[in-house]
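The values are calculated or read from the model by the stated rules, or taken from the named source; none is laboratory data. No experiment lies behind these values; they were computed from the predicted model shown. Methodologically, a virtual Cβ is constructed for each residue, glycine included, from the backbone with ideal geometry; neighbour enumeration extends over all protein chains shown.
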Amino acid sequence: MSGLVDTIRGEGITHVIDATHPFAAEMSRNAVEACAQTGTPLIALERAPWTKAPGDNWIEIPDVAAAVGALPDSPANVFLAIGRQHIAPFATRPQHAYTLRFVDPPEAPLPFAAEVIVSRGPFTFDGELEMMRARGIAWIVARNSGGDGARAKIDAARTLGLPVIMISRPKLPERLRVESVAEIMQWLGHRTCLGA
């Protein structure tokens with residue numbers, strides 16, 4: 001955090017836009033604290049979280065540890081859609097057959113046996129349906145990242161009637177938050193040409 005304070009002061013930063021991932025909690029907390037220390041205005045660009053729709057079978061839980069505990073005891077095919085840095089705790093439930101999807105191939109051995117799909121989104125509804133059916137997916141673990149690029153897996157799970165263990169977003173300090181670049185530009189005092 002001190003590095004961010006030094007950068008804000010050293011570079012003469014007048015405004016800070018936090019456009020990090022909704023689960024990059026430490027970075028967001030550091031930005032809030034650094035801006036408070038330096039008296040710098042801060043705004044967060046954050047996509048809206050997904051909301052439950054009719055037919056969704058969500059088990060809403062607060063964190064990864066709770067997600068591990070929410071899985072069934074009997075072996076099941078589980079799609080972990082949570083990013084590679086959060087998978088280690090699932091090694092305590094080795095009875096499951098896990099499917100993971102990464103943007104890049106893993107550079108180090110995984111903490112448990114798993115099928116790895118290397119692919120970059122956005123993903124389509126039909127593609128997610130096919131993937132889940134082909135692998136016999138019975139459970140999905142996802143973080144509530146929101147946005148359209150990763151939503152297809154949630155829609156596919158609803159269609160297939162699959163339970164989704166949905167990890168809630170981390171609690172963050174109060175800050176000004178918007179959901180569009182146009183709102184950011186307005187906050188900065190710039191005119192935007194919408195529809196141009």
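Observations, loosely collected:
- When E115 is tested against (1) touching a Ser or Thr at 6+ places or on another chain (Cβ under 6 Å); (2) in contact (Cβ under 8 Å) with a residue 60 or more places away in the chain; (3) of a type outside the set (G, A, S), exactly one condition is not met: (2).
- For region 98-196, the helices (runs of 4 or more DSSP H) that sit wholly inside it and include 1 or more residues that are within 21 Å of T51 (Cβ to Cβ) and among the polar types (S, T, N, Q) are 152-160.
- Within region 120-170, being touching a residue at least 60 places away in the same chain (Cβ under 8 Å) and basic (K, R) holds for R143, R151, K153, R158, R169.
- Test: residue in region 133-142 that is modelled with pLDDT of 95 or more, surrounded by 17 or more Cβ atoms within 10 Å (Cβ to Cβ) and not hydrophobic (A, V, I, L, M, F, W, C): no
- Total residues in region 79-96 satisfying the condition of being under 18 Å from V118 (Cβ atoms) and either of a type in the set (A, V, I, L, M, F, W, C) or assigned to a loop (DSSP other than H, G, I, E, B) (or both): the figure is 6.
- Of all the criteria given as (1) small (G, A, S); (2) within 30 Å of H15 (Cα to Cα); (3) free of Cβ contacts under 8 Å to residues at least 60 places away in the same chain, the one not satisfied by A48 is (3).
- Some residue of region 53-63 being of a type in the set (A, V, I, L, M), at pLDDT 95 or above, touching a helix residue (DSSP H, G or I) at 6+ places or on another chain (Cβ under 9 Å) and surrounded by 13 or more Cβ atoms within 10 Å (Cβ to Cβ): yes
- Among the residues listed as E26, E33, the single one being free of Cβ contacts under 8 Å to residues at least 24 places away in the same chain and either on the phi > 0 side of the Ramachandran plot or out of contact with any Gly (no Cβ under 8 Å at 6 or more places or on another chain) (or both): E26
- Criterion: within 28 Å of V178 (Cα to Cα), of a type in the set (A, V, I, L, M), in contact (Cβ under 8 Å) with a residue 12 or more places away in the chain and not assigned by TED's automatic domain parsing to the domain that holds V178 - qualifying residue of A81, A70: A81
- Hey, I59 among the β-branched types (V, I, T) and under 29 Å from M166 (Cβ atoms) or not: yes
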